[in-house]
1. Can you pull out every residue in the stretch 654-666 that is within 29 Å of the chain's Cα centre (by Cα) and either open to solvent by less than 10 Å² (accessible area, probe 1.4 Å) or of a type in the set (S, T, N, Q) (or both)?
2. Name the single residue, out of those in the stretch 671-695 being open to solvent by 50 Å² or more (accessible area, probe 1.4 Å) and farther than 19 Å from VAL622 by Cβ, that is nearest to the chain's Cα centre (by Cα).
3. With the stretch 234-351 as the region, which helices (runs of 4 or more DSSP H) entirely inside it contain at least 3 residues that are in contact with a Gly (Cβ under 9 Å, 6 or more places away or on another chain)?
4. Within the stretch 156-178, how many residues turn out to be part of a loop (DSSP other than H, G, I, E, B), at pLDDT below 95 and under 18 Å from the mean Cα position of the chain (by Cα)?
5. Among the listed residues ARG181, ARG153, which satisfies the condition of being in a strand (DSSP E or B) and open to solvent by 40 Å² or more (accessible area, probe 1.4 Å)?
6. Checking ASP408 against (1) part of a helix (DSSP H, G or I); (2) touching a residue at least 24 places away in the same chain (Cβ under 8 Å); (3) farther than 20 Å from GLY466 by Cβ, which single condition isn't satisfied?
Amino acid sequence: MEDGMGIQASGNYWVLESGDAAYAMGVEAGGVLVHTYWGRKLPRLSDYPAAERAKHFSADHVLQLTAQEVTTGEASASDERTLDATIAGGHLRGLVLRFESAEVGDNTLAITLRDADLNLRVVLTYGTLDQRGLFTRALSVINDGEREVKLTRVFTGAFNLPVGGEFAINHLSGRWGDEFRMNRDPMGFGTIQRDSRRVITSHGGVPYFAVDRNEPGLAASEEAGEVWFGTLQWSGNWRLIAERTRDDRGIIHLGLNDHDFAWDLQSGEAFDAPRVVYGYSANGFGAMSRAYHDLIRQDLSPRPNFVAPIVYNSWYATLFDVDQEGQTALADKAAKMGVELFVMDDGWFHGRNTDKAGLGDWWPDEVKFPKGLTPLIDAVKERGMQFGLWIEPEMVNPDSDLYRAHPDWVLHYEGRERSLMRNQSILNMGRVDVQDYLIDIFDRLLTENPIDFIKWDMNRSASEAGWPTHERDAREIWVRYVEGLYRVWGELRARHPNVIWENCCSGGGRVDLGMMALTEQSWTSDNTVPAARLLIQEGYSQLFPANTMAGWATDEERHEYPLDFRFHVSMAGALGVGGNLLDWSDEECSVAAGHLARFKEIRHLVAGGDLYRLRSAHHHAVSAFAYVARDKAEAVLFVFRVHSARLGANPAIRIAGLDPEALYAVEGSDVVRTGRAWAEIGLIPTIKNLQSQILRFTRV
Ligand code: DGJ
């Protein structure tokens, strides 16, 4: 085993180790898989607690009081279950799982449990990820028996917190235009539930938890304190239950949503639940975020260590009113500003003049683009930029050729009204014929046109989620939809490996690890108002790295915020421009050009550096964060000041993350200090309300 990571085993007892973190479990005498430890790595294998049943001290059954990796309702009809099933029309419910075997690899552990009566196999697969303090777990259910089993809940696992603590759960919640809002709720007795039932991950939240201690002096901060965290790699319905049990144990249950869900597992069939990437940080939320950022940038992203080109996007400038002439005029100004990739948003395809028609008919509108897209693409490329296009594959307007030909391709219940949202229906992505159609039509679009970038949008949630021709339980749709989505997108990616894919869902409605594995970047939010965006971006950064966080400087509240401020906010991620450049004065264009040039100098740090959140925009009028190069040779500091009545009273920003022994100079000043001094003394920004600064630190 490589030092500091891997699996240690002793009989039927296993310890997963990654960096400073450890996670342990074992089989107790009766064959139940018991959770024993999650926290800071311990020196010796024998330090970890034994795998045994709880001591019986009440009228409850001991198994109700025993921390288990998977709970199934055995010996308890009342407890939360990881897995649930009905058999024989509901006369038999729940499972009784016992250990069967284990297979230990370098960084993987597969444990097989079995329900002997049903001959149902459950395989739990664990992994350790490098030195980052991260682990993975996944779960499969396989029906080796003869009877049909109806799965009614398949979570990925129970995550047991250390015994005897007071905890709070930190999570990201929100709504459209206000995504990734940071929340912290004490875990009192009972449950806190978060979920999505919308077929997308949802603006309402990310399937993610970060638990810290809720006791005086023990709460985690950015760089100190213990955090137990996890997130589901899934882009559809999910559910999280944070529970404090009667006997005072903390458990987080996380997985696919069981709302309106069922899955018929016939003899010989397997069902795979999505994996959870989880971990432990002894050094606060910052270390957790940096571990996720590394994982996403280096391992999960289809294009490791991606550095985004600067995008111009037409949406806010022209809405649906796109044509050759107007887009070329925008492209002209964008190119002169230093934009590298020009994206034509919604409005370009057959019959699309408003949001009432066209979705589904993915060929250029004959009136707007009589010669197809080639002349525009040529004009963009002649100006030295790449070309990108907006699509919304999962949708169809009733007023479209596609819907007229295939009205049965949308989610619907036979005989009931099909509710529209934004005048559109949602295609049944579970259907293979729908998937094949989408693969085909977009493959053609990408083959016939030299398109470098696709923004894949998704603008409504599911309503009548029926599937009249499905010969199994139609409640499988919630899972089959996402699997279909992954198939279509994955296939298009594979056929067009050079295309950069942007994930959009009315802003940040579907941002999760599943999408991080499919796409280079995500459109963070439709809300581009800078002060709001600071909050949204800080929430986003809890999990997702800056190189995936697309942000455009737009015209929203243009007269409230200086141009510099608007650009600086967007430069904290993958900078883009989204204003109507035809309205921008020469002076504004030249200021913008300066920001683009500046961004090109610092974007390697933003995209690839370690993020240190220094002062939260949620709590302070002056907020700040820094991206520090991996080798600590340089860093870039971002500071923003929103409205504060106490003009002039700026706080010192203490810069974490620099090498404490090395000397650093900061641009615009003669001061040279050690990293330790920058961390202790900090830097007092020279900004007033609605001003911002980006300052580069260099090791001397
Ligand atoms: C919603 C997206 O979030 C916007 O950026 C834009 O692409 C519109 N859809 C287009 O309809």
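1. The answer is ILE655, and nothing else.
2. Across the stretch 671-695, the extreme among qualifying residues is ARG676.
3. Of the helices (runs of 4 or more DSSP H) lying wholly inside the stretch 234-351, those with at least 3 residues that are in contact with a Gly (Cβ under 9 Å, 6 or more places away or on another chain) span 284-294, 315-318.
4. 0
5. Just one listed residue meets the conditions, ARG181.
6. Failed condition: (3).
For every residue, the table says whether it meets (1) of a type outside the set (Val, Ile, Thr); (2) under 30 Å from ARG137 (Cβ atoms); (3) open to solvent by less than 20 Å² (accessible area, probe 1.4 Å).
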{"position": "PHE442", "(1), (2), (3)": "yes, no, yes"}
{"position": "SER461", "(1), (2), (3)": "yes, yes, yes"}
{"position": "ALA474", "(1), (2), (3)": "yes, yes, no"}
{"position": "ILE477", "(1), (2), (3)": "no, yes, yes"}
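Residue-wise test of (1) open to solvent by less than 30 Å² (accessible area, probe 1.4 Å); (2) farther than 17 Å from GLY250 by Cα; (3) outside the structural domain of LEU151 (by TED's automatic domain parsing); (4) of a type outside the set (S, T, N, Q).
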{"site": "GLY19", "(1), (2), (3), (4)": "yes, yes, no, yes"}
{"site": "MET25", "(1), (2), (3), (4)": "yes, no, no, yes"}
{"site": "TYR37", "(1), (2), (3), (4)": "no, no, no, yes"}
{"site": "ARG40", "(1), (2), (3), (4)": "no, yes, no, yes"}
{"site": "GLN68", "(1), (2), (3), (4)": "yes, no, no, no"}
{"site": "ALA77", "(1), (2), (3), (4)": "no, yes, no, yes"}
{"site": "THR86", "(1), (2), (3), (4)": "no, yes, no, no"}
{"site": "ARG93", "(1), (2), (3), (4)": "no, yes, no, yes"}
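The values are calculated or read from the model by the stated rules, or taken from the named source; none is laboratory data. The structure presented is a predicted model; accordingly, all values stated were derived computationally and were not measured. In this analysis, Cβ positions are derived from the backbone assuming ideal geometry, glycine residues included, and neighbour counts consider all displayed protein chains. The accessibility values were calculated without ligands, DNA or RNA, using every heavy atom of the protein model including side chains. Shrake-Rupley method; radii C 1.70, N 1.55, O 1.52, S 1.80 Å.
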